[in-house]
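Novice: Once you've had a glance at the structure underneath, I'll fire off some questions.
The values are calculated or read from the model by the stated rules, or taken from the named source; none is laboratory data. Only a predicted model underlies this, so the values are computations on that prediction, with no experimental measurement involved. Note that each Cβ is placed from the backbone with ideal geometry, even for glycine, and that neighbours are counted across all protein chains shown.
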Amino acid sequence: MITASLIKKCPHCEIVGEIKNYLSVSTDSRKIVSGQIFIALVGDKFDGSHYAQEVAKKGAGLIVLNDSDTNLNIGKKIWSEFKVPVVLTKDSLLFLQELAAFYREDWKSQNGQRRIIGITGSNGKTTHKEMLFHLLNKLMPNQVLATEGNLNNHIGVPLTLLKITPEHQLAIVEMGMNHPGEISILCKIAGPDCGIITNIGYAHMEFLGGQQEIFNEKRCLFDYVFLRNNPDPFFVICQDDEYLAKLPNLSGVTFFGEKSQDVLLEIVGDIYLFKYNDQEISLNLKSIFGKHNKKNMAACFLLALKIFPEKLDELKRAVASYQAPENNRSQWVYRNNKRYFLDAYNANPGSMMASLEAFLAWVQDEKISPSDCLMVLGDMNELGVHSEEMHKKIGEWMVKSGFKNVLYVGRFSKYYLEGDPKGKSYDTTELLKKDWQDLANSFKFFFLKGSRTVQLESLIENVMISGH
């Protein structure tokens, strides 16, 4: 419940009318439901206050607008005509963030066992979130909240927190960023007690410069958890990542990995073996594709085990029952007796290499001829001045991999060709579609990965998904 007292705690507010208690918040005037709080955000190309009277007619319970003489008059009119109260605030985005922080504090104060779990990193944030939610929800059905979709920024994180209900005991909050300082802001909003940094890669180098700068930004989550007054902080870190291995070995930190001196992973086929708290543990990861995703699950398992040390066997069963969601991420698609590996949600050098190596390992394990495979690689965005270098390196790897049938798609396809001159390029996916039917008939196995802007999933949009 978003109470009137929580709303009144937000600074710089002038209230027109009488506010009460509310169940939910929306920033989208198109989706407003009766009794809901509508927060009118303002951006470079939009102003939510333009829809204030429209949402009042739809039955909004409360409307939040930026303070101005115009909006004051709008607020008075809305209260007079619809009896919908209006809050005028210095900055509606800041209001949203502060309300979410107050709401989260109130939720946690009612039960000392409640936790906020933060997840950030260059690659695999959403995969970790989905895996961890699966494990924890098996132990606590309907008591775990997780970020929906990709709502992991300065707007999405507070909206996620405001969806917490009294039934929830754990909240998994994914934290993304594009610019320096953003993870610190998200931590102040979400107040994580524990967490995972997935890895330090090359994502968002356009705005951050290099891996060291990315590490400095991502470690803000680690620093927040351990430097604030937290009674029981803990963190799971893959020590195989050269940057994450630099983090201090504080009480509450669990390092793991193939090179770890804490929890050493021994990989035997689809089984991960390790010792934890003097227990010999084996995880069946047969249902998970790719070594990188298997490590992701190991991290989530260790975090869940830290929260529920007495539920080892239940967690192991939960791991074995995991199936990847159908969300264009590391997803197998089947059509006409052909197999497509589709990962078209995002791409950066780290995630591209992880997926390529996983696909190559699968091809080798299944004794599939590389000549039966068509590889389609799209742009990797937000690399800035590193774009040419990074695409060229992937092209060079493709030459060494043994795959001969390679297509590059997007505005950076020319850079791929610098590393792989024998590849074929298309400026857009639409141009590739003209040849796609013949290509689809010529191969049995397909690899498709690129950034969201390339929309490679449109090549097989109508396929029926039947699982692994």
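Novice: For the list (1) part of a helix (DSSP H, G or I); (2) crowded, with 18+ Cβ neighbours inside 10 Å, I need the number of the one condition that Arg329 fails.
Specialist: Condition not satisfied by Arg329: (1).
Novice: Using the structure shown, decide if Leu265 is crowded, with 17+ Cβ neighbours inside 10 Å, on the phi < 0 side of the Ramachandran plot and out of contact with any Leu (no Cβ under 7 Å at 6 or more places or on another chain).
Specialist: Yes: the conditions hold for Leu265.
Novice: From the list Glu382, Glu457, which one is touching a residue at least 60 places away in the same chain (Cβ under 8 Å) and closer than 23 Å to Ile214 by Cβ? Show your work before the answer.
Specialist: Details: Glu457 fails: closer than 23 Å to Ile214 by Cβ.
Of the residues listed, the single one that is touching a residue at least 60 places away in the same chain (Cβ under 8 Å) and closer than 23 Å to Ile214 by Cβ is Glu382.
Novice: For the range 387-404: of the residues being in a helix (DSSP H, G or I) and of a type in the set (Lys, Arg), which is nearest to Leu360 (Cα to Cα)?
Specialist: Lys400
Novice: Go through the range 347-381 and count every residue that is assigned to a loop (DSSP other than H, G, I, E, B) and within 18 Å of Asp427 (Cα to Cα).
Specialist: The qualifying residues number 4.
Novice: Going residue by residue through the range 415-435, is there one that turns out to be within 30 Å of Pro180 (Cα to Cα), without any contact (Cβ under 8 Å) to a residue 40 or more places away in the chain and either among the aromatic types (Phe, Trp, Tyr) or in a helix (DSSP H, G or I) (or both)? Let's see the steps before the verdict.
Specialist: Keep residues of the range 415-435 that are within 30 Å of Pro180 (Cα to Cα), which gives 415-416.
Those left that are additionally without any contact (Cβ under 8 Å) to a residue 40 or more places away in the chain: 415-416.
From what's left, either among the aromatic types (Phe, Trp, Tyr) or in a helix (DSSP H, G or I) (or both): 415-416.
Yes, the conditions are met somewhere in the range 415-435.
Novice: If we scan the range 110-132, do we find a residue that is hydroxyl-bearing (Ser, Thr, Tyr), in contact with a strand residue (DSSP E or B) (Cβ under 6 Å, 6 or more places away or on another chain), crowded, with 20+ Cβ neighbours inside 10 Å and in a helix (DSSP H, G or I)?
Specialist: There is no residue in the range 110-132 that is hydroxyl-bearing (Ser, Thr, Tyr), in contact with a strand residue (DSSP E or B) (Cβ under 6 Å, 6 or more places away or on another chain), crowded, with 20+ Cβ neighbours inside 10 Å and in a helix (DSSP H, G or I).
Novice: So which of Lys422, Lys414 ends up being exposed (fewer than 13 other Cβ atoms within 10 Å of the Cβ), more than 15 Å from Leu342 (Cβ to Cβ), over 28 Å from the mean Cα position of the chain (by Cα) and not polar (S, T, N, Q)?
Specialist: Result of the check over Lys422, Lys414: Lys422.
Novice: Could you list, in sequence order, the residues of the range 277-296 that are in a helix (DSSP H, G or I) and either among the basic types (Lys, Arg) or surrounded by 24 or more Cβ atoms within 10 Å (Cβ to Cβ) (or both)?
Specialist: Residues satisfying the conditions are Lys291, Lys294, Lys295, Asn296.
Novice: Also, quick follow-up: How many residues does the range 135-160 hold that are part of a helix (DSSP H, G or I) and either over 15 Å from the mean Cα position of the chain (by Cα) or of a type in the set (Gly, Ala, Ser) (or both)?
Specialist: 6
Novice: Would you check if there is a residue in the range 202-223 being of a type in the set (Gly, Ala, Ser), surrounded by fewer than 23 Cβ atoms within 10 Å (Cβ to Cβ) and at pLDDT 95 or above? Give the derivation first.
Specialist: Step one: of the range 202-223, the residues of a type in the set (Gly, Ala, Ser) are 203, 209-210.
Going one step further and asking which of them are surrounded by fewer than 23 Cβ atoms within 10 Å (Cβ to Cβ), we end up with 209-210.
Adding the requirement that they be at pLDDT 95 or above leaves none.
No, the range 202-223 contains no residue that is of a type in the set (Gly, Ala, Ser), surrounded by fewer than 23 Cβ atoms within 10 Å (Cβ to Cβ) and at pLDDT 95 or above.
Novice: Which helices (runs of 4 or more DSSP H) does the range 1-99 wholly contain that include 3 or more residues that are surrounded by 18 or more Cβ atoms within 10 Å (Cβ to Cβ) and more than 32 Å from the chain's Cα centre (by Cα)?
Specialist: In the range 1-99, the matching helices (runs of 4 or more DSSP H) lie at 69-82.
Novice: Still on this structure: Could you say which residue among Pro325, Pro370 is touching a residue at least 40 places away in the same chain (Cβ under 8 Å) and in contact with a helix residue (DSSP H, G or I) (Cβ under 9 Å, 6 or more places away or on another chain)?
Specialist: On the way: Pro370 fails: touching a residue at least 40 places away in the same chain (Cβ under 8 Å).
Only one candidate qualifies: Pro325.
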